[in-house]
Amino acid sequence: AEIDEFPDHPFKVLMDEDMEQLVDSIRRNGVMTPATVRLKEDGRYELISGHRRKKACELAGLDTLKCEVKELTLDEAIIVMVESNLQRSTILPSEKAFAYKLRLEAMKRQGERTDLTSVPVGQKLKGTTSREILSGEVPDSNTQIQRFVRLTELLPPILDLVDDKRIAFRPAVELSYLAPTEQQCLLDAMDFHEATPSLAQAIKMRQFSKENKLSD
């Protein structure tokens, strides 16, 4: 009860078969690997890693969670949270998108340079960017990281379609450049026609949007 969720935590806690197995394991053996928390100024704790373990403990009827308390700033906590969760075997595109964005923003506040989504995908900047640093620590390349961060510009219902694999990754990146009103029109059109755009169609829509020619 003294543990608060991490603000804007990008990773979802799914109530699936894996969760059921984790609950059973915790009922039998307890929590084998402690969660990680940090002490907040108000005396409460903030959960950095172990969100699935915490939920499983609640479902198992436990009122405590074995934790390791670390002294971390918010930005340090963001980096640890992202690193620990990226080790998961299955990560949704939306989870990785917001995780990379949070990580890059934390790196920027720590004094490292980052440009997030401000330049065209694939463009090489002078000097070392935070994306380049991050790409050396994760499986994705500099360009791929930028593509993932672009997904955070999608309307939530469209991003859900990406997570559900109803819209492919590359078309989704192109659609992220559409204005919110254009994305809403697209969402209505997809629902009406029960279809999603191909990469070629998404590229064409992005170009029309850039030229202010994308009509309903």
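The values are calculated or read from the model by the stated rules, or taken from the named source; none is laboratory data. Computed from a predicted model, the values in this text were never measured in an experiment. Cβ: placed from backbone, ideal geometry, glycine included. Neighbour counts: every protein chain shown. Calculation scope for accessible area: heavy atoms of the full protein, side chains included, ligands and nucleic acids excluded. Shrake-Rupley method; radii C 1.70, N 1.55, O 1.52, S 1.80 Å.
Considering the stretch 66-86 alone, what residues qualify as being open to solvent by less than 70 Å² (accessible area, probe 1.4 Å) and either in contact with a Ser or Thr (Cβ under 8 Å, 6 or more places away or on another chain) or outside any loop (DSSP other than H, G, I, E, B) (or both)? Once the filter is applied, which keeps residues that are open to solvent by less than 70 Å² (accessible area, probe 1.4 Å) and either in contact with a Ser or Thr (Cβ under 8 Å, 6 or more places away or on another chain) or outside any loop (DSSP other than H, G, I, E, B) (or both), the stretch 66-86 yields Cys67, Asp75, Ala77, Ile78, Ile79, Val80, Met81, Val82, Ser84, Asn85. Among the residues of the stretch 158-174, the ones that are within 15 Å of the chain's Cα centre (by Cα), within 16 Å of Asp188 (Cβ to Cβ) and open to solvent by 40 Å² or more (accessible area, probe 1.4 Å) come to 1 in all. Taken together, the criteria exclude Ala99 from residues that are open to solvent by less than 70 Å² (accessible area, probe 1.4 Å), over 27 Å from Arg131 (Cα atoms) and in contact with a helix residue (DSSP H, G or I) (Cβ under 8 Å, 6 or more places away or on another chain). Tell me, please, whether a residue that is surrounded by fewer than 20 Cβ atoms within 10 Å (Cβ to Cβ), in contact with a helix residue (DSSP H, G or I) (Cβ under 6 Å, 6 or more places away or on another chain), among the small types (Gly, Ala, Ser) and not in a helix (DSSP H, G or I) can be found in the stretch 30-52. Checked against the condition, which is being surrounded by fewer than 20 Cβ atoms within 10 Å (Cβ to Cβ), in contact with a helix residue (DSSP H, G or I) (Cβ under 6 Å, 6 or more places away or on another chain), among the small types (Gly, Ala, Ser) and not in a helix (DSSP H, G or I), the stretch 30-52 yields no hits at all. Checking the structure you have, find out if any residue of the stretch 137-156 is modelled with pLDDT of 85 or more, loosely packed, with under 14 Cβ neighbours inside 10 Å and closer than 19 Å to His9 by Cα. Yes, that holds for at least one residue.
Name the one entry in Ile48, Ile78 that is among the β-branched types (Val, Ile, Thr) and touching a strand residue (DSSP E or B) at 6+ places or on another chain (Cβ under 6 Å).
Working: Ile78 fails: touching a strand residue (DSSP E or B) at 6+ places or on another chain (Cβ under 6 Å).
From the options Ile48, Ile78, the qualifying one is Ile48.
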